[in-house]
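Written below as structure tokens is the structure these notes are about.
Each reported figure results from applying straightforward, stated rules to the coordinates on display, with no laboratory input. This structure is a prediction, so every number in the text was calculated from the model and none was measured. Virtual Cβ from ideal backbone geometry, glycine too; neighbours counted across all protein chains shown.
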Amino acid sequence: MKSVAFRMLCRFLIASLFAMSFQPAMAGMIGTGQAITTTSTSTERAALIGTLSRTDVAGQLLAQGVDPEAAKLRVASMTDQEVAALSGKIDSLPAGANSGTGWAVAIVIALVVWYYWK
Amino acid sequence: MTSSLKNARARAGVFRWALIVALPLASAGCALLIPQTESLRNGWPSDLGARVELDSVPFYPQKDFQCGPASLATAMSFGGVSVLPDDLVSKVYLPSRGGSLQVEMLAAPRRYGLVTWQLGPRFEDLLREVQDGTPVIAMQDYGLWPVPYWHYAVVVGFDQASGKVVLRSGEKRRLEMPFAVLEYTWKESAYWAMVAVPPDRVPVTATETGWLQAVVAMERVSGREAARKAYSAVLRRWPDSLNGAIGLANVDYAEGHLQAAEAVLRDALKLHPKSVVALNNLAQAVADQNRNDEALALIDEAVALGGPFSSAAEQTRAQIRKKIAAPH
């Protein structure tokens with residue numbers, strides 16, 4: 001049930017991310033992004049792999065409860081390296097989330113460290 | 001009576017044992033537990049002030065688990081963007097995880113035209129940024145093994161004499177914390193810390209190559225105006241920066257300011273005469289001003305130099321030749 005809607009969203013995302021990734025480059029000019037990378041991989045191949053990983057990460061954001069339009073924009077603001085770092089790991093990477101209860105633990109640690117440090 | 005006395009003795013015994021075990025561990029272990037605090041205690045860098053506090057950094061108390069949006073809003077507001085934590089929830093918060101990922105903390109401010117920089121994993125770097133007037137977002141772990149409890153807080157000050165840092169954290173506007181406690185909790189994130197600065201500033205700990213990558217990352221999603229400011233700032237900080245000049249010229253070119261682009265690239269070529277990218281882009285900018293023969297001479301020079309951009313230069317040459325053969 002979820003999967004039908006989810007798959008539709010994913011297809012929509014794939015289509016829109018592809019549309020975003022083929023923005024016309026300035027003919028004749030070497031872009032700043034190209035100038036600063038020293039990789040020798042063919043740029044079209046790299047662009048395709050990049051777009052696929054972006055779609056993958058956007059899909060994972062959807063699965064985490066982010067809405068589709070927001071997911072697309074969030075992925076768009078990441079670099080290729082950042083996308084690669086997230087791909088497949090959104091479940092396990094640290095997510096900063098402390099609430100008030102964490103402070104009890106914090107105070108204990110703080111006291112212990114401070115006691116021995118002073 | 002006797003039983004309580006026995007208990008007291010037993011407790012004292014346990015306490016003594018705990019001391020016997022813990023004291024040598026603690027004195028020898030400090031360097032392991034909090035190595036950077038120890039080394040700062042042993043030798044405070046001479047160019048680092050003794051006390052700084054950025055009083056004007058605003059404070060947004062976090063709601064629920066949203067320390068990510070709250071910390072970002074704190075740093076970004078200070079960077080001149082008017083934004084509230086609620087505006088950032090849809091940009092960094094992951095509902096199922098109940099938190100925010102580091103990558104997204106770095107990515108989101110770019111959409112507001114701020115450049116983000118992940119600091120080197122050094123306490124000293126964090127203090128230098130604060131001294132330079134930039135609040136630093138640090139990721140801490142308040143958990144107890146094996147359960148991590150990740151938290152973002154914003155470092156806004158430090159005092160060498162009392163050995164404390166000042167944070168905007170959670171629901172506390174001004175939280176003082178000993179260096180040792182910050183380091184102990186911060187170490188778990190591999191000393192992860194970041195700043196988000198307006199494009200006309202360059203963080204004091206930034207490196208040229210790393211910062212250019214950060215600027216290009218912002219340019220992908222920000223407007224050209226922010227990009228122009230950022231590349232100009234790169235050239236103020238590193239006047240010899242080739243890629244800073246290429247970035248600035250590309251912004252000029254994209255906006256149709258061909259002469260401005262040409263001037264920037266000519267300056268860069270004085271310092272870097274063998275840059276294929278600068279020659280190629282200059283040739284294109286010159287060709288677009290219908291000085292085709294001059295452009296052809298430049299692009300011939302670029303092609304002759306070879307290197308990873310030679311195929312791009314060859315394509316440009318083919319276009320210029322076509323233009324010369326069939327003028328419109």
Partner chain coverage, peptide A:76-85 - average Cβ within 10 angstrom: 6
Prolate/oblate/rounded label for the stretch B:81-223 (Cα gyration tensor, a/c 1.5): oblate
Trypsin sites (Lys or Arg not before Pro) restricted to DSSP loop in the stretch A:47-89 with at most 16 other C-beta within 10 Å: A:Lys89
Under 19 Å from the Cα of B:Lys274 - aspartates and glutamates, other chains or at least 8 residues apart: B:Asp240, B:Glu262, B:Glu294, B:Asp300, B:Glu301, B:Glu314
Global geometry of the stretch B:32-106, whether rounded, prolate or oblate, following the gyration tensor of its Cα atoms and the 1.5 cut on a/c: oblate
When each of B:Lys91/B:Lys187; A:Lys89/B:Lys187; B:Lys63/B:Lys164 is checked by Cα-Cα distance, pairs over 24 Å: B:Lys91/B:Lys187; B:Lys63/B:Lys164
Cα-based Rg / Dmax (Å) for chain B: 26.9, 111
For the stretch B:209-279, alpha-carbon Rg relative to the globular expectation (2.2 N^0.38 Å, N residues): 1.01
Average partner coverage of B:103-111, which counts Cβ from other chains inside 10 Å: 6
Shielding by other protein chains, B:263-276, mean Cβ within 10 Å: 0
Overall form of the stretch B:240-325 per C-alpha gyration tensor (a/c, 1.5; a/b vs b/c): oblate
Distance between modelled label sites at B:Glu225 and B:Gln289, nm, 7 Å Cα→Cβ extension: 2.7
Nearby aspartates and glutamates by direct alpha-carbon distance to B:Lys229 (threshold 12 angstrom, same-chain neighbours under 8 apart not counted): B:Asp200, B:Glu219, B:Asp252
Pairwise FRET efficiency - A:Ile109 versus A:Phe6, Cβ, R0 = 51 Å, nearest 0.05: 0.80
Fewest-first ranking of B:Phe78, A:Phe6, using other Cβ atoms within 10 Å as the exposure measure: A:Phe6, B:Phe78
